[in-house]
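Undergrad: Supplied in structure tokens, the structure appears directly below.
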């Protein structure tokens, strides 16, 4: 199934290999490359699709996120589009990390290969299961499983924060577990670390942190300014609720995620608002070590300065070295070749010699000459490099519908409403022959690859 990306299309389902939507006529491949297969979700800001990269021989799956600008006024639409572009910019750098989806492409709203003027981000599809789904289907996590979440995701947060980015929406829905192509455990730095990882319940899986739509930069200027509260409220720190997220806000969200996994109780139900403290330990269904309780309690402190100040500090509290990474990260470049799908064409010249409508044009095989057929019954030959008109050919008695060159460029063919096809010399412009036999308009023509046949 191929899904039309035009938000106004009322019948978006199409056959797999269709190029254009049968209902609205829109192109079905974003950038002539990415095809949406099915709609995953829809919200106030846009739609998300499962897609496929048809430029890849293996037809790699991808996620297509399309921003909706239809129901927003001009000011809000501009802000939303800029925020969306910033998400793509962040993902372009952060996506180099092996536990963050890789950016595949970005399309501006006015891109000539975009769909219906809607900006779109395309990133790698992570084939796995969210921790929210896992919690729902398998029940509460054991301590060793929660430790695995921490030791795999804390290095990811360390990486994100080192690039002055705050995720702002860490919760079980945005953490995806999937099996690695080959076990990463053999790549852990020491036998002692591998032994500890196994003892904590390492299962050879990998956790991915997804959905950077809420992420923001953390420059001093930005931190001093109150912003919009973004994130899932139950996992959100108080300072972030007031629009002032900082790096420790992500540690808070990760901590709340962990206590939710340990208890399977909604975070709001585990916070005593009268005493202003967490009582999640009262909801535990199985033993948890005092060490992990202390660590999680410090991660979810209400006051930011009472929490761990960095992911590195939490790793240290877990007994791991500062540079620990469960999934080894190779050297990453801060200068990434742009993956933004932006227009690369520009207008070289405009020919304004024609005084009537142009129905067709054709380039000569060598690309030096352009020929056009017009409603004024004439054919014009241009040398586009010299930006001059070479000749204007007359002979047809009615509108010219189609023109074309022979493979060697020596003959120009033209078809007309006068029921004829005429052959012209490509260099001199002289009429060679007129083909008759049609009883109505001749609206198109084609010349075979060897130049022997004309249809």
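What follows draws every value from the coordinates through simple rules; no lab data is involved. Small disclaimer: the values here were computed from a predicted structure and weren't measured. Neighbour counts run over all protein chains shown; Cβ positions are idealised from the backbone, glycine included.
Undergrad: Evaluate the relative contact order of region 2-125 (contact order divided by residue number), counting alpha-carbon pairs under 8 angstrom at least 6 apart; express in whole percent.
TA: Worked out over region 2-125, it gives 20 percent.
Undergrad: Just need the relative contact order of region 355-411 here, percent rounded to a whole number, with Cα pairs under 8 Å and 6+ apart.
TA: Rounded, it is 35 percent for region 355-411.
Undergrad: Further question on the same structure: Rounded to a whole number, what is D in µm²/s for region 358-435 from Stokes-Einstein with the Kirkwood radius over alpha-carbon pairs (37 °C, 0.692 mPa s)?
TA: 272 µm²/s
Undergrad: Starting from the exponent 0.38 and prefactor 2.2 Å, build the expected Rg for region 2-125 from its residue count and divide its actual Cα Rg by it.
TA: Its radius of gyration relative to the 2.2 N^0.38 Å reference: 1.02.
Undergrad: If you don't mind, there's one more thing I want to ask. What ranking, highest mean first, results for peptides 386-394, 144-152 when packing means the other Cβ atoms within 10 Å averaged over each residue?
TA: Sorting 386-394, 144-152 by mean packing, highest first, produces 144-152, 386-394.
Undergrad: Using a 10 Å cut-off around each Cβ, can you sort 258, 178 from fewest to most neighbouring Cβ atoms?
TA: Ascending number of Cβ neighbours within 10 Å: 178, 258.
Undergrad: Using the count of nearby Cβ atoms within 10 Å as a rough guide to exposure, how do 173, 396 rank from fewest to most?
TA: Fewest-to-most ranking of 173, 396: 173, 396.
Undergrad: Additional query: For the residues 444, 24, 4, what sequence is obtained by ranking on other C-beta atoms within 10 Å, fewest first?
TA: By the 10 Å Cβ count, ascending: 444, 24, 4.
Undergrad: Give me the percent relative contact order of region 1-55, please, defined on Cα pairs under 8 angstrom at least 6 residues apart.
TA: 29 percent
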